Amino acid sequence: MSKITLHIELDTQQAKHYLKWLENQFNLTMADVWYSDRYRDVPTGKRGPKVLADVPHLSGICRTRKALEQQLAATATERAQ
């Protein structure tokens, strides 16, 4: 599988709003899928990995969210100094 790298520039306000949107999309999708009949009999410890395997864009949301959180934290640290 090939890898794709994105580089985007956002101001802090845009980044914060985008992070909220990503969190919302993740929560809505996960809530819709997590308790669906398809995963009803999957043990709780295995349900998360199964959902992420079946709905790959959730992994992309998670990785994007994590990177954005790190960048916002670094920006906040720079401002504090």
**Furthest towards positive pole of dipole, LEU22, TYR35, ALA80, structure part segment 12-80, Cβ charges** = ALA80
**³J(HN,Hα), Karplus 6.51/-1.76/1.60, whole Hz, each residue of segment 43-60, x for Gly, Pro** = x, 3, x, 9, 5, x, x, 5, 4, 5, 5, 7, 10, x, 5, 5, 5, x
**Request:** Can you list which of the GluC sites (Glu not before Pro) found in the chain are DSSP loop residues with at most 11 other C-beta atoms within 10 Å?
**Result:** GLU9
**Asked** Out of segment 7-73, which chymotrypsin sites (Phe, Trp or Tyr not before Pro) are coil in DSSP terms and have no more than 15 other C-beta atoms within 10 Å?
**Response** TYR35
**Fill in**
So the compactness index of the chain, its C-alpha Rg divided by 2.2 N^0.38 Å, takes the value 1.35
**Asked** Which is the longest stretch in the chain that no exposed loop site breaks, taking sites as trypsin sites (Lys or Arg not before Pro) with a DSSP loop state and at most 12 other Cβ atoms within 10 Å?
**Response** 41-81
**Message:** What distance in nm lies between label points placed 7 Å from Cα along the C-beta direction at ARG63 and TYR18?
**Reply:** 1.6
**Prompt:** If you put +1 on each Lys and Arg Cβ and -1 on each Asp and Glu Cβ, how big is the dipole of the chain around its Cα centre, in Debye rounded to 20?
**Reply:** 240
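Coordinate-derived values only; no laboratory data. What you see is a predicted model, and the numbers here were worked out from it, not measured in a lab. So basically every Cβ, Gly included, is an ideal-geometry build from the backbone, and we count neighbours across all protein chains shown.
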